[in-house]
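The values are calculated or read from the model by the stated rules, or taken from the named source; none is laboratory data. Since we're looking at a predicted model, the values are computed, not measured. Glycine gets a Cβ as well: all are built from the backbone with ideal geometry, and neighbour counts include every protein chain shown.
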Amino acid sequence: MIVVSLLLLLLAVFGAPLFAIIATSAMTGFSGDDTDLMNMALEIIGLADMPFLAAIPLFTVAGYLLSESNAPRRLVRLTNALLGWMPGGLAIVCLAACAFFTAFTGASGVTIIALGAILYPALQHDGYDDRFNLGLITSAGSLGLLFAPSLPLILYGVVAEVSIDDLFLAGILPGLVMVVMLSGYSLWVNRGNRRPLSTFSWAELGAALRETAWELPLPVVVLGGIYSGFLAVSEAAAVTALYVLIVEVFVLREIRLAQLPEIVRSSMVLVGGILLILAVSLASTNYMIGAGVPQQLFDFVSGYVAGQTTFLLLLLVFLLALGAILDIFSAIVLVVPLILPIAAGYDVHPVHLGIVFLATMQLGYLTPPVGLNLFIASYRFDQPIMRVYSATVPFLLILLVSVLLITFWPTLSLLLVPG
Amino acid sequence: MKRLLSRLDRAGRLLENAALAVLLATLLVLAVGQIVLREVFSTGFIWADELIRLLVLWLAMVGSVAACRDNRHIRIDALSHVLPARAVVLVRVVVDLFAAAVCAVIAWHACRYLVLEIEFGDAVLVDTPAWLAHVIVPLAFLLLAYRFLVLTGIHVLAARELHADAPGSDAPP
């Protein structure tokens with residue numbers, strides 16, 4: 001058993017597909033206690049028993065359609081019209097636009113590619129320091145993770161069996177804290193630089209609003225539909241996907257019909273990768289629960305950790321390490337079922353746990369060795385990876401402080417959650 | 001031979017794209033249709049919700065086969081940045097052969113499960129045989145096993161080209 005685990009660990013580090021690693025560990029467990037391996041098939045088919053899962057492919061395809069259209073450019077123009085008059089405004093425009101866009105595209109690195117291509121040259125043009133720009137865009141690329149309807153929030157809700165509506169509400173304030181803290185840092189860094197400020201203009205705001213008239217109702221449809229109780233999460237996703245499809249393809253005609261198959265493909269490739277890991281994790285999780293692993297873990301942890309504060313601190317360290325090696329989706333499906341009962345033992349609210357989990361994993365996008373954003377930014381802006389690392393460090397530290405705040409101030413997450 | 005392979009690849013790609021588009025379109029129409037039926041006509045199909053969830057299973061399976069063709073399965077990619085090129089090829093061959101084997105084993109057991117479902121006459125969606133809805137699982141894992149073998153072949157071919165470009169040849173990098 002130990003030998004198999006070590007071997008699997010080695011294969012994982014050398015880049016074997018994660019689903020194969022998880023499936024093997026589940027099957028080794030099953031055959032260890034004489035469970036028929038047919039169970040594997042049963043667990044995978046169990047994917048079809050999970051409620052709300054349809055939201056994942058539907059929101060993903062909507063996000064991909066948006067990023068292939070000119071919506072990113074319109075979003076930047078609108079944010080610029082709203083915030084561009086402030087000193088250091090463009091940096092804040094960058095943070096706000098990225099956060100909004102990531103919420104809709106599911107934090108898969110699309111933001112850096114879609115928005116970075118517009119914002120990076122714009123920041124350079126306005127005379128911001130190049131290192132600052134690189135760090136700003138790299139860290140802004142995963143900023144909207146806590147805002148509805150981001151994919152990680154939905155996935156956490158599905159896996160932890162927590163109300164997704166509650167999670168959407170819980171993410172708002174912590175997400176804002178992150179945006180505000182990064183904005184404050186950006187303003188402070190650029191305080192000495194006198195740049196030609198663009199003046200606020202009602203005409204420009206009006207023009208930008210008219211241009212985005214078709215996309216503006218989207219947040220209203222999604223959030224309004226869900227909170228009014230009119231739509232379930234998966235239904236809101238269906239409405240969003242259909243609406244975006246009609247607007248971008250038939251009304252604005254920014255996406256040609258011939259492009260659709262490849263857009264559908266690339267979005268479903270992402271979904272397939274995530275859901276396959278979810279499917280095999282259902283098997284490994286059920287095996288571990290059957291074998292009493294969460295209870296043993298709890299007994300072990302409670303032997304060393306006395307109070308909630310110590311537990312949260314330990315959790316934070318663990319999640320930081322986890323985020324450095326695992327992507328956010330795999331981490332959710334693999335680890336959440338195991339830590340959920342432990343957290344309950346320390347009276348940590350499952351919604352708060354979710355926000356802490358996602359906020360900490362967001363740092364994983366920026367930490368070496370496998371921070372996704374670091375590689376995308378290095379590739380997209382043609383910069384050496386070490387330069388991207390060092391440019392991101394100050395932003396990483398700010399985010400770390402915000403994560404500490406979010407972790408030890410549960411009210412921030414729970415204030416808006418009913419009950 | 002090379003032309004045949006690239007044709008096969010294009011055909012497979014088209015087939016995956018078509019399947020994904022049809023599945024997603026059905027999911028979209030069904031999900032929106034349910035809302036319209038409920039809000040406007042206060043009715044709905046009782047099987048619609050189950051069919052939506054089965055469609056998600058199919059999307060996940062076909063999507064993961066497509067992900068394999070694009071080599072986009074989620075991996076911890078920590079070492080390929082530090083290992084020498086030759087070692088990377090060897091490592092990739094090993095891990096993808098491993099993945100192919102795992103998929104083959106799952107495909108086999110999923111087949112056994114399906115046979116059992118046929119024997120018991122399990123049903124989904126009121127009266128549809130369950131194996132029809134679940135046949136995508138063994139099929140997808142079989143295709144995954146095959147795709148990972150192909151991926152291994154691609155690594156080996158790439159290694160050969162790497163070898164050809166090694167010292168001695170004066171091809172520009």
Residue check, B:Val32 at the interface with chain A (Cβ under 8 Å from one of its Cβ atoms), more than 30 Å from B:Tyr146 (Cα to Cα) and either free of Cβ contacts under 8 Å to residues at least 40 places away in the same chain or outside any helix (DSSP H, G or I) (or both)
yes
In segment A:15-26, which residues are among the hydroxyl-bearing types (Ser, Thr, Tyr) and at the interface with chain B (Cβ under 7 Å from one of its Cβ atoms)?
A:Thr24
Residue check: is A:Thr212 touching a Lys or Arg at 6+ places or on another chain (Cβ under 6 Å) and either surrounded by fewer than 24 Cβ atoms within 10 Å (Cβ to Cβ) or modelled with pLDDT of 95 or more (or both)?
yes
When segment B:70-94 is examined, which residues are found to be under 17 Å from the mean Cα position of the chain (by Cα) and within 9 Å of chain A (Cβ to nearest Cβ)?
B:Asp70, B:Arg72, B:His73, B:Ile74, B:Arg75
Checked segment A:99-138 for anything in contact (Cβ under 8 Å) with a residue 60 or more places away in the chain, over 12 Å from the mean Cα position of the chain (by Cα) and closer than 24 Å to A:Ser330 by Cβ; matches are A:Ile112, A:Ile113, A:Thr138
A:Pro149 fails exactly one of (1) in a helix (DSSP H, G or I); (2) within 14 Å of the chain's Cα centre (by Cα), namely (1)
Of all residues in segment A:21-44, how many are within 20 Å of A:Leu155 (Cβ to Cβ) and either surrounded by fewer than 24 Cβ atoms within 10 Å (Cβ to Cβ) or in contact (Cβ under 8 Å) with a residue 24 or more places away in the chain (or both)?
5
Identify the residue in segment A:58-77 that is surrounded by fewer than 23 Cβ atoms within 10 Å (Cβ to Cβ) and either part of a helix (DSSP H, G or I) or without any contact (Cβ under 8 Å) to a residue 24 or more places away in the chain (or both) and, among all such residues, is farthest from the chain's Cα centre (by Cα).
A:Arg77
Pairs returned, first residue in segment A:267-284 that is within 7 Å of another protein chain (Cβ to nearest Cβ), second residue that is of a type in the set (Asp, Glu) and outside any helix (DSSP H, G or I), beta-carbon separation under 7 angstrom, 6 or more apart or interchain, are A:Val269/B:Asp70
Have a look at A:Ala324, A:Ala359, A:Ala306, A:Ala344 and point out the one that is within 14 Å of chain B (Cβ to nearest Cβ), of a type in the set (A, V, I, L, M) and farther than 30 Å from B:Pro138 by Cα.
A:Ala324
Cβ-Cβ under 7 Å pairs, at least 6 apart or on other chains, segment B:104-132 side under 28 Å from B:Leu149 (Cβ atoms), far side β-branched (Val, Ile, Thr)
B:Ala110/B:Val137; B:Leu114/B:Val135; B:Trp131/B:Ile118
Tell me whether segment A:100-120 contains one or more residues that are closer than 28 Å to A:Pro57 by Cα, in contact with a Pro (Cβ under 8 Å, 6 or more places away or on another chain), at pLDDT 90 or above and not acidic (Asp, Glu).
no
Looking at A:Ile376, is it assigned to a helix (DSSP H, G or I) and touching a Gly at 6+ places or on another chain (Cβ under 7 Å)?
yes
Out of all the residues in segment B:15-29, which are surrounded by fewer than 18 Cβ atoms within 10 Å (Cβ to Cβ), within 25 Å of B:Ile154 (Cα to Cα) and within 8 Å of chain A (Cβ to nearest Cβ)?
B:Ala18
Within segment B:144-161, identify whether any single residue is more than 26 Å from B:Leu20 (Cα to Cα) and among the hydroxyl-bearing types (Ser, Thr, Tyr), and answer yes or no.
no
Listed by first then second residue, the pairs whose first member lies in segment A:307-332 and is touching a residue at least 60 places away in the same chain (Cβ under 8 Å), whose partner is of a type in the set (A, V, I, L, M) and in a helix (DSSP H, G or I), with beta carbons under 6 Å and at least 6 positions apart or on separate chains, are A:Ile328/A:Met361; A:Phe329/A:Ile274; A:Ser330/A:Leu18; A:Ser330/A:Ile277; A:Ile332/A:Leu155; A:Ile332/A:Val159
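Residues checked against (1) outside any helix (DSSP H, G or I); (2) modelled with pLDDT under 90; (3) among the aliphatic types (A, V, I, L, M):
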position: A:Leu123; (1), (2), (3): no, yes, yes
position: A:Leu134; (1), (2), (3): no, no, yes
position: A:Leu167; (1), (2), (3): no, no, yes
position: A:Val177; (1), (2), (3): no, no, yes
position: A:Arg191; (1), (2), (3): yes, yes, no
position: A:Arg194; (1), (2), (3): yes, yes, no
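A quick yes/no check of all residues on (1) farther than 29 Å from A:Ala324 by Cβ; (2) facing another protein chain (nearest Cβ under 7 Å):
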| residue | (1), (2) |
| --- | --- |
| A:Leu8 | no, no |
| A:Thr28 | no, no |
| A:Asn39 | yes, no |
| A:Leu42 | yes, yes |
| A:Pro51 | yes, no |
| A:Leu66 | yes, no |
| A:Ala71 | yes, no |
| A:Val76 | yes, no |
Is segment B:39-55 home to any residue that is within 7 Å of chain A (Cβ to nearest Cβ), of a type in the set (A, V, I, L, M, F, W, C), under 18 Å from A:Val280 (Cα atoms) and under 19 Å from the mean Cα position of the chain (by Cα)?
yes
Return a yes/no flag: does segment A:235-251 have any residue that is in contact (Cβ under 8 Å) with a residue 40 or more places away in the chain and within 30 Å of A:Met40 (Cβ to Cβ).
yes
If I filter segment A:250-265 down to residues being in a helix (DSSP H, G or I) and more than 8 Å from chain B (Cβ to nearest Cβ), which single residue comes out as farthest from B:Gly12 (Cα to Cα)?
A:Val251
